[in-house]
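The values are calculated or read from the model by the stated rules, or taken from the named source; none is laboratory data. Computed from a predicted structure; not experimentally measured. Note that each Cβ is placed from the backbone with ideal geometry, even for glycine, and that neighbours are counted across all protein chains shown. In case anyone asks, the SASA skips ligands and DNA or RNA and just uses the protein heavy atoms, side chains included. Shrake-Rupley method; radii C 1.70, N 1.55, O 1.52, S 1.80 Å.
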Amino acid sequence: MAVGHPLDPYLRTDRIPTMWCPGCGLGVVLGTLLRAIDRRIKEGLLKREHIAFVGGIGCTARMTLYPLFDSAHVIHGRAIPFALAVKVVKPEMKMIVVGGDGDIAAIGGNHILHAIRRNADILVVMVNNMIYGMTGGQLAPTTPRGLYTTTTPYGNPEKEINMVKLAAALGANYVARGSITHPHLLEQVFYKALVKQGLAFIEVLSTCPEIFGRHIGLRNPVDLYTELKKRVVVKTKPSVDESDYDWEKGFVIGEFVEKDEPGYIEIYRKYISKAFGGGEE
Amino acid sequence: MRYEYLTGNIAIAEASITAGLKFYAGYPITPTSDIFEYLAKELPKHGGHVIQFEDEIASINAVIGASWACAKSMTATSGPGFSLMLEALSLAVITETPLVVAYVMRTGPSTGVPTRSGQYDVLQSTYGFHGGLVIPVLAPSTPQEAYDLTIRAFNISEMLRTPVVLLSDAVIAHTYGKVAIRERSEVDLIDRTKPSVPPDAYKPYDPVNGLVPPMACFGEGYNVLVESLTHDERGYYAPRTDVQRRLMWRLYKKIVENSGKLFDYSSTYLDDCDYALVSYGSTALTANVAAKLLREKGYRACSVKLKTLFPVYEDGIVNLLRGVKKVFVVENNLGLYYRELRGVIRDKEVVSVPLIDLDVPLPQEVVEVIKEWL
Amino acid sequence: MRLEILIAGRGGQGILLLGHILGRAIAKHTNLHILGSEIYAAETRGGDSRVDLVVADREEDADFIKVMRADIALFMHQLQLDAYRDLVRDGAVVFLDKSNVSSVPQRNWRIYLEPYTDIAEKEIGTSRVANLVALGHIVKVTSIVPPGAIEDVIKEVVSKEWVDINIKAFRYFTQR
Ligand SMILES: Cc1ncc(C[n+]2csc(CCOP(=O)(O)OP(=O)(O)O)c2C)c(N)n1
Ligand code: SF4
Ligand SMILES: [Mg+2]
């Protein structure tokens, strides 16, 4: 019998290997996230049957296919309202939304905006590979300006979105940026975010060698990984002003916001119980 | 049971509470906002949740999520909002998620006349989403029917694990009527079947011996998979023709093979009838009175009100109309449901009576049109 | 038995409230069946305000939401009397607010002409309850619903500080 991986208890092992390309950064994201979950479960702070993954559509959203938890692989951009509704009905749930930069910041932009505004009790993991991976290399709102993509064949004229700044401005309880080039730090921000109430937003810089790598001439996963790592600057408690999203100048990673404002569910339940003394039937 | 004097919209809201609604998500739109506002006030008293989302897309996706958290869920909207919900309704179909959409039609296309009525969206209500399957559609024509059919819509959605559309319109929305409101204990309520096997043996899309799989919810330890991709019984993506065929046929059959069970109608004078005026929704009121006026003039006319529009119960409809000579399909649009019936009734003439009226069409107008054909 | 009731006036005359109270009393406090609809041009004063009720002892006869041949009609203003009088059948019982109606058409109606608005203003204290004065007259003449049922409904739907004065207005005719 093959020796199992320590994370096997959290995986639908019959679905492994994943559909991801060799060298894709998404494996690191899933691995670090599951390790963080494992630590929280062992600490008794999370209950396994109360953890759920929700994803839209994209390579990143397919992360919902593999963990052995309640999972929903829904439609492009709409994971957040699904997750929030589950949380409202079953507040004991820990809702984890995983999505690509297109899934979360483009088509799902309106939902992330309002989820943050509400401080909805969801952990949102946005994997930023700076491209639409699943559909073959089209422009993402995170694609660096000037880059050639399949839908900007003359160069991307658009300014990139900085989701860290957006999340901070709208009042998320926890805002961090991590990178698959720094897995220990990534696991640590997941670990922290998993027990936050309110909205926790984590942008994960990731590598898509198959598509993004090809666009910038770094098709080899190791080359792309090395290139990204060069551009990542680790800081302890950086300010939001240091979160600038700039391929040329590099990306600061770290925890930009850490607050403990009451989350949506707590406030919502407070109003209901004020009106009805409990609110439950 | 008690009697109330309610509009069609409030009857829907009251019925949803009776049916056990636990989650309502919506985005305000005329002529449905009073359903939303009423539930916002009343549902929390019954332990339910009402949330205004950022748009209709979020609302319907939230309704799907809540249903997977075990809550009976609903939203209400009209044409512009329903159009935004279509992609997610397709998700609800493939994931077999019980939910109810109260679709209160208003005058279209586009923003049309937001406060006024029409039945232009009758085909969209079931054919609008992508994927070529059928969503059950029920159509009330009075506040009492709005109440009764809302409860039925919840029952069908739970029984068949499907979204159900309750298709009303702006006329019924604001029509007042005497409504018998029942207590929870006075109605037959159906709840989704829960799995009878332990979590490790559970397959979320395995219909076991029938057509409808038992449904576990989030948070119960079943490691549920909600999957928008073509999936096998486990919920695993399976891009294979055999799996696609199996899934499509089962999703189709679980609705269509229950056509008879889902069928509901009422009629007047049908056993003494040459000319049947078939209609639905608010226009069924018009057709019914028009049939009476025609009888007063000596014609053997009758009216048939269809309360289930989809799935089309082909045998049942043919059988119902076997004794009549001519069928008139009366509707407040350019003759949409007529196309459905024309395809089903092949042994006699089927005539479309397309009306365009911002309000309930008047019976006299229908009489004038039909008299030409008698 | 099947009755069509038409109630019409100008916005601000309390037509919708009158119609709602009557409809609700019939639905909740009699064995009759009822369907009804409302029209209001705009929520502001001045435009058309109209309530149509179809009342029947058998459910299948409460079959429409618009009046086509009214058996009972109330017109609170000349404008609506002129606009809708063709919806009223011969032999109908018609109530007219003499305070706002100057020219009564030559019709084969049973007409009750009373100055509801003046009565409300002088006898009850405010013209705002002219609608309830008129409703009292309809109930008194037609006996379509027990007066007590109307009073119960007034208590349910009218805000507290207005209940007494509305009941007083309603009783102007019912208790005479
Ligand atoms: C409504 C809708 N529009 C478009 C698509 C096609 N689509 C699938 S994934 C995707 C973008 C994926 O990019 P991203 O979210 O960044 O995820 P990645 O694959 O890069 O992880 C698109 C446009 C879709 N599935 N649904
Ligand atoms: S296309 Fe890119 S993001 Fe998608 S699996 Fe391949 S490498 Fe990863
Ligand atoms: Mg991407």
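Of the residues making up segment A:204-225, those that are more than 7 Å from ligand 2 (Cβ to nearest atom) and in a helix (DSSP H, G or I) number 8.
One residue stands out among those in segment B:262-308 that are part of a loop (DSSP other than H, G, I, E, B) and out of contact with any strand residue (DSSP E or B) (no Cβ under 9 Å at 6 or more places or on another chain): the one that is surrounded by the fewest Cβ atoms within 10 Å (Cβ to Cβ), which is B:Gly298.
Counting only helices (runs of 4 or more DSSP H) that sit completely within segment C:52-151, those holding 1 or more residues that are in contact (Cβ under 8 Å) with a residue 12 or more places away in the chain and closer than 15 Å to C:Tyr172 by Cβ correspond to C:116-119, C:130-142. Mind listing just one residue for me: the one in segment A:85-101 that is of a type in the set (A, V, I, L, M) and not in a strand (DSSP E or B) and, of those, nearest to ligand 1 (Cβ to nearest atom)? Taking the candidates together, the pick is A:Ala85. The test for being among the acidic types (Asp, Glu), in contact with a Leu (Cβ under 9 Å, 6 or more places away or on another chain) and surrounded by fewer than 19 Cβ atoms within 10 Å (Cβ to Cβ) does not hold for B:Glu227. Determine whether A:Phe82 is of a type outside the set (S, T, N, Q) and either in contact with a Leu (Cβ under 6 Å, 6 or more places away or on another chain) or more than 16 Å from ligand 1 (Cβ to nearest atom) (or both). In short, no. Given the structure, is B:Glu314 of a type in the set (Asp, Glu) and open to solvent by 30 Å² or more (accessible area, probe 1.4 Å)? When the stated conditions are applied, B:Glu314 passes them.
For segment A:93-111, how many residues meet the condition of being touching a Phe, Trp or Tyr at 6+ places or on another chain (Cβ under 7 Å) and buried (at least 24 other Cβ atoms within 10 Å of the Cβ)? Qualifying residue count for the region: 3.
Just the residues that are outside any helix (DSSP H, G or I) and either open to solvent by 10 Å² or more (accessible area, probe 1.4 Å) or more than 30 Å from B:Tyr120 (Cα to Cα) (or both), please, taken from segment B:62-74. Answer for segment B:62-74, where residues must be outside any helix (DSSP H, G or I) and either open to solvent by 10 Å² or more (accessible area, probe 1.4 Å) or more than 30 Å from B:Tyr120 (Cα to Cα) (or both): B:Ala69, B:Cys70, B:Ala71, B:Lys72. Of all positions in segment A:224-240, at least one carries a residue that is in contact with a Pro (Cβ under 9 Å, 6 or more places away or on another chain) and more than 14 Å from chain B (Cβ to nearest Cβ). When segment B:34-49 is filtered for residues that are open to solvent by less than 30 Å² (accessible area, probe 1.4 Å) and more than 10 Å from chain A (Cβ to nearest Cβ), the ones remaining, listed by number, are B:Ile35, B:Phe36, B:Leu39, B:Leu43. Any residue at all in segment A:112-122 that is within 16 Å of ligand 2 (Cβ to nearest atom) and open to solvent by less than 30 Å² (accessible area, probe 1.4 Å)? Checked segment A:112-122: no residue is within 16 Å of ligand 2 (Cβ to nearest atom) and open to solvent by less than 30 Å² (accessible area, probe 1.4 Å).
Taking B:Ile57 as the residue in question, decide whether it is within 18 Å of A:Ile272 (Cβ to Cβ), β-branched (Val, Ile, Thr) and assigned by TED's automatic domain parsing to the domain that holds B:Gly118. Answer is no for this residue. Scanning segment A:46-75 for residues that are open to solvent by 10 Å² or more (accessible area, probe 1.4 Å) and farther than 13 Å from A:Val98 by Cβ, we see that the one that is farthest from the other protein chains (Cβ to nearest Cβ) is A:Leu46. Among the residues of segment A:150-178, write down those that are within 16 Å of ligand 3 (Cβ to nearest atom) and either within 14 Å of another protein chain (Cβ to nearest Cβ) or open to solvent by 10 Å² or more (accessible area, probe 1.4 Å) (or both). Within segment A:150-178, A:Thr150, A:Thr151, A:Thr152, A:Glu158, A:Glu160, A:Ile161, A:Asn162 qualify. Residue pairs whose Cβ atoms lie under 9 Å apart, sitting 6 or more positions apart in sequence or on different chains, and linking a residue in segment B:214-235 that is more than 7 Å from every other protein chain (Cβ to nearest Cβ) to a partner that is among the aromatic types (Phe, Trp, Tyr) and open to solvent by 30 Å² or more (accessible area, probe 1.4 Å), are B:Ala216/B:Tyr222; B:Thr230/B:Tyr237; B:His231/B:Tyr237. Of all residues assigned to segment B:75-87, none qualifies as being part of a helix (DSSP H, G or I), touching a residue at least 40 places away in the same chain (Cβ under 8 Å), under 30 Å from B:Arg234 (Cα atoms) and open to solvent by less than 10 Å² (accessible area, probe 1.4 Å).
For segment A:131-171, filtered to residues that are aliphatic (A, V, I, L, M) and within 18 Å of A:Ile57 (Cβ to Cβ), the residue that is farthest from ligand 2 (Cβ to nearest atom) is A:Leu139.
Among residues of segment A:113-148 being within 10 Å of ligand 1 (Cβ to nearest atom) and not in a loop (DSSP other than H, G, I, E, B), the one that is farthest from the chain's Cα centre (by Cα) is A:Gln138. Taking the criterion of being assigned to a loop (DSSP other than H, G, I, E, B) and in contact with a Ser or Thr (Cβ under 7 Å, 6 or more places away or on another chain), the residues of segment A:149-160 that qualify are A:Asn156, A:Glu160. Write out, first by first residue and then by second, each pair whose Cβ atoms fall under 6 Å of each other, whose residues are 6+ apart or on separate chains, and whose first residue, in segment A:150-177, is free of Cβ contacts under 8 Å to residues at least 40 places away in the same chain while the second is of a type outside the set (Phe, Trp, Tyr) and in a strand (DSSP E or B). Hits for this filter: A:Thr150/A:Gln138; A:Thr151/A:Gln138. A:Ile104 satisfies every condition listed in (1) out of contact with any strand residue (DSSP E or B) (no Cβ under 8 Å at 6 or more places or on another chain); (2) within 8 Å of ligand 1 (Cβ to nearest atom) except (1). Scanning segment B:210-247 for residues that are more than 23 Å from A:Ile57 (Cβ to Cβ) and β-branched (Val, Ile, Thr) gives a single hit, B:Val212. In the condition set (1) open to solvent by 10 Å² or more (accessible area, probe 1.4 Å); (2) among the β-branched types (Val, Ile, Thr); (3) more than 15 Å from ligand 3 (Cβ to nearest atom), A:Thr135 is compliant with all but (3).
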